[in-house]
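The next block holds one structure in the form of structure tokens; read it before the comments.
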Amino acid sequence: MSDLPLTVEQSGKFVQLQFNRPTSLNAIDSAMAGAFLQAVTEAVADERIRVIILSGAGRSFMAGGDIAQFSRDPESIPEGLIEPMNQAIQLLNASDKIVLGSVQGPVAGAGMSLALACDLLIAADNTRFSFAYTALAASGDLGITWTLPRLLGLRNALAVALLGDSIKADEAQRLGLVNRVVEAEQLAEQTLNLANQLAELPALASASIKRLMQAALQQDLCSQLAAEKQAFSQCIEQPEFHAAVARFLVKRR
């Protein structure tokens, strides 16, 4: 077992960034935040990679921030922990690569924030989501107040944040927080299967879909229609488009 706070494993067209402090349920501290930003920066810049997997070692994806650091050096949190994580999240959001979260066990506070920042999310059936920030008299970070109302709507997002109830995996799927729920023993295998499926999608098409759907939340219909037209025109110029059309025609014969 590596003693690094984050491990990086590349396989073909995808890379897995795994939080690696299992004895503390992968609670995030400044060292882990710095390692995460460096790994994300390198993954985003690597043209071979199409999918970035975020996962956690042990029985939890991430159970929040490191309370020991919060107690020892609270002044370090904004710049030493939150800022590098914010930079990493922005890089992932702006990247053409698909970000796949793979979560299990307690997913609380910063762990929930990071999970919701992923493009797609697969969860083990033992996953429990918890906003958790109010338990520390804190307001939330790493984008959770941006993602949660977009996924749930304002009223439901406020209920999750203020009432503090944990959300089981099946309920999270029903609410739209999770795309797929699998048995805990199958999480690693199903994550890799999904990553391989995503990695084989046409590169420009999948990147365009990600960008278009992100933009749709901020612009009007006319602007979105124009953006779709432009993206489609770019796809038409790609060899993958012509090959896919040819395959489709062969199947119809």
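Taken together, the values in this text are just the output of simple stated rules run on the coordinates, not laboratory data. These numbers were taken from a predicted model, which means no experiment stands behind them. So basically every Cβ, Gly included, is an ideal-geometry build from the backbone, and we count neighbours across all protein chains shown.
Brief remarks follow.
- Normalised convex hull volume, segment 151-210, alpha-carbon set, Å³ per residue: 102 Å³
- Square roots of five times the Cα gyration tensor eigenvalues for segment 203-252, Å: 26, 10, 9
- Computed [θ] at 222 nm, helices only, for the chain once each DSSP H run of length n ≥ 4 contributes -39500 (n - 2.57): -15000 deg cm²/dmol
- Scattering curve values for segment 117-181, log₁₀ I(q)/I(0), Debye with Cα scatterers, q = 0.16, 0.18, 0.28 Å⁻¹: -0.50, -0.64, -1.40
- Each Lys and Arg contributes +1 and each Asp and Glu -1, all at the Cβ; summed about the Cα centre of segment 6-199, the dipole is approximately 400 debye.
- GNM top mover of 211, 21, 128 - the chain, alpha-carbon springs below 10 Å: 211
- Sparse-neighbour loop sites [GluC sites (Glu not before Pro); segment 24-92; at most 13 other C-beta within 10 Å; DSSP]: 47
- For the residues 243, 188, 157, a GNM of the chain with alpha-carbon springs under 10 Å puts the largest fluctuation on 243.
- Tilt relative to the chain, helix 154-163 - C-alpha long axis, 0 to 90 degrees, to 10: 30 degrees
- Each of 36, 232 was scored by other Cβ atoms within 10 Å of its Cβ. Arranged with the fewest first, they read 232, 36.
- Across every direction, the projection of the convex hull enclosing the Cα atoms of segment 1-121 has a mean area of 6.8 nm².
- Cα coordinate range in the chain, projected on the principal axes (Å, largest first): 66, 43, 35
- Cα-only radius of gyration and Dmax that characterise segment 167-246, units Å: 16.9, 46
- Taking a straight Cα-Cα cut-off under 21 Å and skipping sequence neighbours fewer than 8 places away in the same chain, the lysines within cross-link reach of residue 13 are 97, 210.
- Nearest-0.05 FRET efficiency for residue 228 and residue 150, computed from C-beta distance (R0 22 Å): 0.65
- Label separation (residue 197 vs residue 120): 0.6 nm, computed from points 7 Å beyond Cα along the C-beta direction.
- Gain on full stretching of the segment that runs from residue 188 to residue 59 - 0.36 nm per residue minus C-alpha separation: 45.2 nm
- For the chain, with +1 on Lys and Arg beta carbons and -1 on Asp and Glu, the positive-most of 2, 36, 116 along the dipole: 116
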